[in-house]
1. Between residue 692 and residue 758, what FRET efficiency comes out of the Förster formula 1/(1 + (r/R0)^6) with R0 = 30 Å and r the beta carbon distance, rounded to 0.05?
2. Along the Cα-to-C-beta direction of residue 750, a point sits 7 Å from the Cα; which residues of segment 538-558 have their amide N less than 18 Å from that point?
3. Please compute the length gained on full extension between residue 71 and residue 527, using 0.36 nm multiplied by the number of residues separating them and subtracting their Cα-Cα distance.
4. Compute the distance in nm between two label points, each set 7 Å from the Cα along the Cα-to-Cβ direction, one at residue 473 and one at residue 310.
5. Which part of segment 708-738 falls in the paramagnetic zone of residue 765, meaning amide N under 16 Å from the point 7 Å along Cα-to-beta-carbon?
6. What is the packing order of peptides 633-643, 675-685, taking the mean over residues of other C-beta atoms within 10 Å and listing the highest first?
7. Working out 0.36 nm times the residue gap between residue 658 and residue 237, then minus their Cα-Cα distance, what length gain in nm do you get to one decimal?
8. Calculate one ³J(HN,Hα) per residue across segment 135-146 by plugging θ = phi - 60° into the Karplus curve 6.51 cos²θ - 1.76 cosθ + 1.60, and present them in order as whole Hz with x for glycine and proline.
Amino acid sequence: MGKQRKTKNIDLTVGNITSSLWKFAVPLMLGNVLQQLYNLVDTWVVGHYIGDNALAAVGSSYTLMTFLTSIVIGLCLGSSAFLSMAYGKKDQDLIRNGIFISAVMIGSLAVILTGIIYIWMNPMIRLLQVPQETTAAMREYLFYVFIGFFATFLYNYVAKSDCTLRKFTVSGISDLEKILREYPDMVPDIVILNEHFIMELIKLYLSMMIKCKRKDPSFTPDSRLNKWVLDKHNGIASIPEDIKKAYFGANISNSAGIIIENTEFINLLHEICLDMSELLGINNDYIPKQQNAAARSPVPALTFTKDDFFILDELKGSLDKILDYSEIDDDTRASVTDTFRRFKICSDRLSSDENIRLLRKQITGFFYDIYYKVFIKSINDDAIPSYIYMFLNFGYMDEELAGEEVSVLLYKIYKAGDSLFNNDNIFTMYRWLKLVMSGEKNPSRNNFDQSYEEFIRQEIKNNSIDMPEESALNNCEMKLRFEIDNLFKSANYMTYGRVSTFVPVVIKENIAKNIPDAMLYADKVTDIITKIKEIDFSLFYRSIVYANEELGISQLYVYEEYLPEIILTPCIGSRGVLWQEINGRKRNSSARMLFPIFCNTIPENIFLNVMGKYRWEICRRIQGSYWNVATEKSLTSEYYDYLLFYKKNKDLSEQQKEKLKSLLINCRNNYSEVFAKDYETWINYESRGASKLNKISRNILAKYCPFNKDIRKVLRSNPIFTDCIDYYERHMLNDRRKYDNLIKVMQTKNIPIPKEIEETRAYYSK
């Protein structure tokens, strides 16, 4: 029995990309060279041994040969792309059907072309206007050459279809690490390619920043972009390729963290470039749109199809219908209509042009007055029309401004119902205002940190309100107006993100992502907060004094969890806002946080930023005037002391001091902002063992924002975390023993354990 011939398939996604690519490319290049070489051989042989007429025949034939073979080669290339995508999807049926259909169709075409060549050879030669003395030789040459035309199809079909692409789905760090461990040789090249892309974006950012500075001398770089990050990537770019490959390939977990960090940095840089492009008034189509890997919307069939045009018929003339519903006076209506008409015909509605700025400002002024009137009428309306619902919850006013696709998708969201956005602690702005008006929720504090009651008393004192205090305090419409004027107007503006182009109405130019991906529905918000709590378990827990005379407990500090009230503002934005860390003056109450109902950026990032600010502000509130007193140990006092005296801190290297200096400058010496950025790093990277913070900030966060016990267990073996985790757990153990002993006594005496103590036990168990 003879030896069986072995075949070797090259998978370009496995192993070293460069070497695999060369193994594939070299034979391909040699094949193309050989294809050209036979023409050279023909030319040499014919010209040397036959004569000039024969040589002319060969040269004249080349144009026709190239034209006809290019048709087959092009079709083979197209089929290979289709088969590659089918292979990446692992759709075996699609692969088999694709191979069969493409082979039959292109093969049949090759046969047909061969027949056409031989049948109409003489007319084609005449069409090429070949000299009479060359015609006979050309005909003879083409006769033999095109015998192999079908073989040309076979070669190119097999060659072009023998390379496949693979598709990977990455939904998080775990998926990424799994893929990188499966293909370890790919890791250095992926990271290096990532860095190359970042450097190109940095070049774009720097050039746009110079242009912005020239256009507006008062322009300042975005505070979210730290100079040390740019310096870091510039430093990486200067390292030799072989050293980078060795480093990035040494630790897959570290490389996965770098890729995730780089992706977030790319998203940020991309957003900043978009903002600068608006200032410059240039088309931003050349800036690549970022794809978000957020969870899919639970709304079924949330897509735009040709069958949805009946929805557009229902929404036609939305602006006029909303104005009819609001019952505004004729003069105001005429002014609103004219403003919207002029705004709709603008070629660039986000332009920095002064006239367009003025139009956006006028629309903003009209919007909230119309909203108030529509809201008042809607609360007594049993069947709110679709366009009214979309206006109140999403800021939709005009189908032309929103665009056909967005209008249809917003309509489908309306059909899905209120339960999509609302639960016990998550509210649309419309539902929130209804609760405030009914008295179920207290109005939020205004920008001067005044409660509604304090505001009313001040207005009465200033003779701005002419009614009894009790009547004013219980007036539902005054509560509503207060909440709209203070919370709603500011919330929309702040969560929008790009303040220079703010307009409260849905316009298609504001939408950077697909509506389903951008939507912050209740389940998505809950999932994001749950994931943060799984890392920072004590986030919403507060220590309160508990007393129980029956059990003989006069004073016991227990922990209770107060989940925040999340309000989704009717806008398409990119920022989150911590409006107030407590409700009123009560420390044992929920915070209020604001987020856009449609998020143009990665929602996890804006939530983390808000949670970091919440951590800071709730500590300040609890500590009162002692929030920055070093002798009163707390998160804010220790962090304030660290930032205030960092230049003298011997535990910080010069590089770390310089990095911290840049961060303070970018945050305009706002300590809350600095802490929020460190908190993001703490949750995103340090929780996975990636060392991004310095020793001082890490110790403070480990003490006051501890990881859950499972994460601590994993990180304890890492030397950089050992000391801070041990310190936290020693102090936690001392506190926990008090409650364990108390619970044991109560269990021995068969005394029911109060829910406050049970909650505290649950806190310590985490």
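FYI, it's all coordinate maths here, none of it is from the lab. Remember, it's a predicted structure, so these values are computed and weren't measured experimentally. Note that each Cβ is placed from the backbone with ideal geometry, even for glycine, and that neighbours are counted across all protein chains shown.
1. Values: r = 37 Å, r/R0 = 1.22.
It comes out at approximately 0.25.
2. Flagged as within label range: 551.
3. Stretched out fully, the residue 71 to residue 527 stretch lengthens by 158.9 nm.
4. Distance between the two pseudo-spin positions: 5.5 nm.
5. In segment 708-738, the label zone of residue 765 (backbone N under 16 Å from the point 7 Å along Cα→Cβ) covers 708-710, 736-737.
6. Working: 633-643: 19.5, 675-685: 22.0.
The most tightly packed comes first, giving 675-685, 633-643.
7. Numbers: separation 421, 0.36 × 421 = 151.56 nm, distance 2.04 nm.
Between residue 658 and residue 237, full extension yields an extra 149.5 nm.
8. 4, 4, 5, 5, 4, 5, 5, 5, 4, 7, 5, 7
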